[in-house]
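Data block below; observations after.
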Amino acid sequence: MRKNIVAGNWKMNNTLQEGIVLARELQKTLEEKTLKCEVVICVPFIHLASVVAEVKTVIVGAENLADKSSGAYTGEVSAAMIASTGAKYVIVGHSERRTYYGETNAVLKEKVLLALANGLIPIFCVGEVLAEREANKQKDVVSTQISESLFDLPTEDFRKIVLAYEPVWAIGTGKTATSEQAQEIHAFIRKTIAERYGSAVADSISILYGGSCNAGNAGELFAKPDVDGGLIGGASLSVDKFLPIVEAF
């Protein structure tokens, strides 16, 4: 059985002190619940070690990593550094990294390899922008992102990947893909994986929805057969907003 996962992505929000308070509040709230999904919070680099020390029910991840293992790369943070904090997950290829920082499929391939080599679970993001959706190219875009960055992995490594589908046109815009649109692409992603690695592997991979998932639509989205959870942005910055998404399973 593949995992149900709700992963928060704090992005560039919260001071260290604010992050510790939020992590403590989330831990206290969730430890009193019977959870039907794995709960992950991906936090800024400077928060990692401190937040890991505050949580048990929640699993901690990073929001990004360098595409080099070590060396003279001022300001970068390596997979080994992330792993040394006790973090278990790392987001790779978020649409903001692709769009604002020009991260290519080739760069992301290196990041995935480094994450896996250091025992981290990549949450690998794919998705189309509005112009690509309007041109009905979303499947071409997603299949290229997956194949160019992931399809050279041996089966045992590919099984460790979590995928997240981000319809970029639905992030922070107030627009949301319908549950049917989400299911269509999630099913297509699973089919694409099955064609490369077989149906058993495809059926074992968790695929998260990452397009403005909130308390109002989480239940409908998570009920779809190929939607295994969510990658949550703004709503993960508030326990009151994040908790109903976790409880949607």
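Each reported figure results from applying straightforward, stated rules to the coordinates on display, with no laboratory input. Owing to the predicted nature of the structure, the values given are computational and were not obtained by experimental measurement. Backbone-built Cβ (ideal geometry, glycine too); neighbour counts: all protein chains shown.
Residues of the stretch 5-60 being aliphatic (A, V, I, L, M) and part of a strand (DSSP E or B), which ones? Across the stretch 5-60, the qualifying residues are Ile5, Val6, Ala7, Val39, Val40, Ile41, Val43, Ile59, Val60.
If only residues of the stretch 229-249 that are under 15 Å from the mean Cα position of the chain (by Cα) and surrounded by fewer than 24 Cβ atoms within 10 Å (Cβ to Cβ) are counted, the one that is nearest to Ser206 (Cα to Cα) is Gly233.
Can Ser206 be described as surrounded by fewer than 16 Cβ atoms within 10 Å (Cβ to Cβ) and hydroxyl-bearing (Ser, Thr, Tyr)? Here the answer is no, as Ser206 does not meet what is asked.
Count of the stretch 122-160 residues, restricted to those that are of a type in the set (Phe, Trp, Tyr) and assigned to a loop (DSSP other than H, G, I, E, B), is 1.
Cβ-Cβ distances below 6 Å connect the following pairs, each with a first residue in the stretch 1-22 that is closer than 14 Å to Ile205 by Cα, a second residue that is small (Gly, Ala, Ser) and crowded, with 17+ Cβ neighbours inside 10 Å, and a separation of six or more residues or different chains: Arg2/Ser206; Lys3/Ser206; Asn4/Gly229; Ile5/Ser206; Ile5/Gly229. For the stretch 209-227, filtering for residues that are buried (at least 17 other Cβ atoms within 10 Å of the Cβ), more than 19 Å from Ser143 (Cα to Cα) and of a type outside the set (Gly, Ala, Ser) leaves 5.
One residue is enough: does the stretch 144-158 have a residue meeting the conditions out of contact with any strand residue (DSSP E or B) (no Cβ under 9 Å at 6 or more places or on another chain), under 20 Å from His94 (Cα atoms) and of a type in the set (Phe, Trp, Tyr)? Within the stretch 144-158 (the criterion being out of contact with any strand residue (DSSP E or B) (no Cβ under 9 Å at 6 or more places or on another chain), under 20 Å from His94 (Cα atoms) and of a type in the set (Phe, Trp, Tyr)), the answer is yes, since at least one residue qualifies. Selection of the stretch 85-121 for residues being in a strand (DSSP E or B) and surrounded by 24 or more Cβ atoms within 10 Å (Cβ to Cβ) yields Val90, Ile91, Val92. For the stretch 193-217, a residue qualifies if it is among the small types (Gly, Ala, Ser), without any contact (Cβ under 8 Å) to a residue 40 or more places away in the chain and part of a helix (DSSP H, G or I), and the qualifying residues are Ala194, Ser199, Ala200, Ala202.
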